[in-house]
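Structure record follows, encoded as structure tokens.
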Amino acid sequence: MDTQVANMLSATGPLIPAMGARPDVRRIGTLLLEMGFVGSDALDEALAAQHLEDERVGETLVRLKHCTDWQVTQALAKQFGLPATETMPADEVDDELVEQLPIGYARSSMVIPIKLDTELRVLYVLAADPNRMPDLDDLGQVYDAEVQVTLMPSSSVGELINTIYSKRAKDVDLEKKDEALDEEDEDILHASAEDAPIIRFVNSLIFNASKEKASDIHIEPGDREIVVRNRVDGVLHEVKRAPKAYLPSVIARVKIMAGLNIAEKRLPQDGRIRRKIAGKEVDMRVATVPTAHGERITIRLLDKSAMALSLEVIGMAPDHLRVVKETIHRPHGIFLVTGPTGSGKTTTLYSCLSEINKPDLNILTVEDPVEYQLEGISQVQVQPKINLTFASGLRSFLRHDPDVIMVGEIRDIETAEIAIQASLTGHLVLSTIHTNDAATGITRLVDMGVQPFLVASSLVALQAQRLLRRVCAHCRGAHVPLAVELEEMGVDPERFFDGVPSLKRPVIDENNEALAVVAPEGRQLPPSGHVWEAKGCDRCGGTGYAGRTGVYEVLTISEEVRRLAIRNADASEIKAAAVEAGMRTLRDDGAHKVLAGMTTMEEVMRVTAEES
């Protein structure tokens, strides 16, 4: 490998081993064991399970979460005597080389050419699977060069392919009917040249929203125009406008994709679209509603491949993580997750189920809708048209001898009472409720009509949460905050400016000791006496933020909280008692994430505004 490419790769990840190293003919499982990436028990489990899925042992180990994709790649590099890198910036790839390679071939073979040495006629290639040498030989014939391979994890190769080829996707404009998307640039319906511009327009909306990692697409009719807005990291921004005359066709196209009645324009409808976009499975929930200017459509995107189903990675601090794990491993009781729509409640519940999902537990869920299918768990989709509601599903579950029940949402007294009875008869019940904080979840159940003593005796813990944006690591800037801002956020100004950032309600470990503020992996603490502020760059779309994490408050039902609940105290009194007992509020947790370099003070104040 030439010096330039070698330096480029070493800057993005370690090369393992150097090009030309002797291959190791031992099996991949043996190498992973020797390199300390897996244990013998995990390897035995994977060997027993791989035949059921018809996959390689490395793939099975990754699927069972015994090791990472990158660890398997390192072992493959040792096995084949090839270099390996964990990541590669898209701007380091030669676009002219990519132009000659169809995206279908790149995805099926999981290869991407990065550089061609015209003098030596050597083509440097990133590949995920060294066992596909015939494909690599074909690549050499296409470029008339000898192929030098660097291995990279399949997830990283797929992401790089999506990033590079998405640059070539054209932006479809209804005013320019002769312009079409390249078939290889979008996988949604493979719109061909003779397809109507409306199809290509809708396809481009979905494709571009997925590329931006948007959570929602809003197609809103105005007086003269259609306005399309995407919600990215919880914030809406306008992406496109089109003439109002095209509204009926756009609405009809989306309804056809979602299996809705295109003739019904007076009533709201709900549907679902499942598509593979840029090689990823994306589930879309479609909702229509008639407005004064015509039907409005909202498409909610759920990228299943990007969904984090682990309590460790959704942003919980050690004290919250410890309490939640203790709660969900209890044999009975109710654990409620509270927060507004779009605050990550469903992801938290799925993460809890993944944590406790064992063969010796019978776990049943009733959801609206089933957003993510979990292996080993029986999941039921509510269907109100046939009277399959949360309450009726929950009632039937009790005849199936469950250990754990997850109810998508407690909306009415019937569901609440059945959930409470289930918890009092030896079942663990997980559910959500729409309130602003944890304490209000208790009073909300009472407002529904549940007797206070039943609420107090069945609830084990409540968790409130929000999602806040992470500050962009590429353009963030250091900022000296005002003392009054630190006070309002719950940080001791004197200790902060002395270089010892300290929370008034600190994170506590299992030994009841305050933990020092530590930046999570991949993050950097701000300079002493500073916090990060958002700037804006091309990588974050000028917003200054990229990605999201959670902020949490966890209220355990202590004797004092139980006593207040029984005498029907208001939420503020319950919250004050919980804070006195050591509960950290949403703003306290947000302050910790500011000090840890994950977000900005402005973002925390915006998300937790109701506490001020």
Among Pro153, Pro134, Pro130, which is the only one that is open to solvent by less than 30 Å² (accessible area, probe 1.4 Å) and at pLDDT below 90?
Pro130
List the number of the failed condition for Thr440; all other conditions in (1) more than 21 Å from Thr389 (Cβ to Cβ); (2) open to solvent by less than 40 Å² (accessible area, probe 1.4 Å) hold.
(2)
Against the condition in a helix (DSSP H, G or I) and modelled with pLDDT under 75, how does Val5 come out, does it pass?
yes
Across segment 81-123, which residue is modelled with the highest pLDDT among those that are touching a helix residue (DSSP H, G or I) at 6+ places or on another chain (Cβ under 8 Å), among the charged types (D, E, K, R) and more than 18 Å from Asp144 (Cβ to Cβ)?
Glu86
In segment 526-537, anything under 24 Å from Phe497 (Cβ atoms) and either charged (D, E, K, R) or touching a residue at least 40 places away in the same chain (Cβ under 8 Å) (or both) is listed as Pro526, Pro527, Gly529, His530, Val531, Trp532, Glu533, Ala534, Lys535
If you scan segment 45-56, which residues turn out to be open to solvent by less than 80 Å² (accessible area, probe 1.4 Å) and part of a helix (DSSP H, G or I)?
Ala46, Leu47, Ala48, Ala49, Gln50
Filter result for the condition that a residue is under 30 Å from Ser558 (Cβ atoms), surrounded by fewer than 20 Cβ atoms within 10 Å (Cβ to Cβ) and touching a residue at least 12 places away in the same chain (Cβ under 8 Å), over Pro318, Pro243, Pro290, Pro268:
Pro318
Out of all the residues in segment 289-306, is one or more in contact with a Phe, Trp or Tyr (Cβ under 7 Å, 6 or more places away or on another chain) and not β-branched (Val, Ile, Thr)?
yes
May I ask you to list the residues in segment 58-84 that are among the aliphatic types (A, V, I, L, M) and either buried (at least 19 other Cβ atoms within 10 Å of the Cβ) or without any contact (Cβ under 8 Å) to a residue 12 or more places away in the chain (or both)?
Leu61, Val62, Val72, Ala75, Leu76, Ala77, Leu82, Ala84
Filter segment 421-446 down to the residues that are within 20 Å of Val579 (Cβ to Cβ) and aliphatic (A, V, I, L, M) and list them by number.
Ala438, Ala439, Ile442
What about Glu560, is it modelled with pLDDT of 90 or more, in a helix (DSSP H, G or I), among the charged types (D, E, K, R) and surrounded by fewer than 23 Cβ atoms within 10 Å (Cβ to Cβ)?
yes
Unique match (being part of a helix (DSSP H, G or I) and either more than 30 Å from Ser354 (Cα to Cα) or acidic (Asp, Glu) (or both)) among Glu119, Glu59, Glu86
Glu59
Taking Ser458 as the residue in question, decide whether it is open to solvent by less than 50 Å² (accessible area, probe 1.4 Å) and either touching a residue at least 60 places away in the same chain (Cβ under 8 Å) or of a type in the set (D, E, K, R) (or both).
yes
Residues that are buried (at least 21 other Cβ atoms within 10 Å of the Cβ) and either aromatic (Phe, Trp, Tyr) or assigned to a loop (DSSP other than H, G, I, E, B) (or both), drawn from segment 580-595
Met583, Arg584, Thr585
Looking only at segment 89-116, count how many residues are under 15 Å from Ser154 (Cα atoms), assigned to a helix (DSSP H, G or I), open to solvent by 40 Å² or more (accessible area, probe 1.4 Å) and without any contact (Cβ under 8 Å) to a residue 60 or more places away in the chain.
2
Those residues of segment 469-497 which are of a type outside the set (D, E, K, R) and part of a helix (DSSP H, G or I) amount to Ala483, Val484, Leu486, Met489, Pro493, Phe496, Phe497
From the residues in segment 351-408 that are closer than 27 Å to Val282 by Cβ, touching a strand residue (DSSP E or B) at 6+ places or on another chain (Cβ under 9 Å) and of a type in the set (D, E, K, R), which one is surrounded by the fewest Cβ atoms within 10 Å (Cβ to Cβ)?
Glu371
Residue that is farthest from Gly333 (Cα to Cα), among those in segment 538-560 that are under 35 Å from the mean Cα position of the chain (by Cα) and without any contact (Cβ under 8 Å) to a residue 24 or more places away in the chain
Asp538
Does Asp447 satisfy being surrounded by fewer than 17 Cβ atoms within 10 Å (Cβ to Cβ) and closer than 27 Å to Thr365 by Cβ?
yes
Complete set of residues in segment 321-346 that are β-branched (Val, Ile, Thr) and either crowded, with 23+ Cβ neighbours inside 10 Å or under 25 Å from Glu510 (Cα atoms) (or both):
Val323, Val324, Thr327, Ile328, Ile334, Val337, Thr338
Cβ pairs under 7 Å, 6+ apart, first in segment 26-44 and exposed (fewer than 14 other Cβ atoms within 10 Å of the Cβ), second of a type in the set (A, V, I, L, M) and not in a loop (DSSP other than H, G, I, E, B):
Ser40/Leu33
Could you list, in sequence order, the residues of segment 515-552 that are open to solvent by 70 Å² or more (accessible area, probe 1.4 Å) and either in contact with a strand residue (DSSP E or B) (Cβ under 6 Å, 6 or more places away or on another chain) or acidic (Asp, Glu) (or both)?
Glu521, Lys535, Asp538, Arg548
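The values are calculated or read from the model by the stated rules, or taken from the named source; none is laboratory data. Everything numeric here is computed off the predicted structure, so don't read it as measured data. Cβ: placed from backbone, ideal geometry, glycine included. Neighbour counts: every protein chain shown. Only protein heavy atoms, including side chains, enter the accessible area calculation; ligands, DNA and RNA are left aside. Shrake-Rupley method; radii C 1.70, N 1.55, O 1.52, S 1.80 Å.
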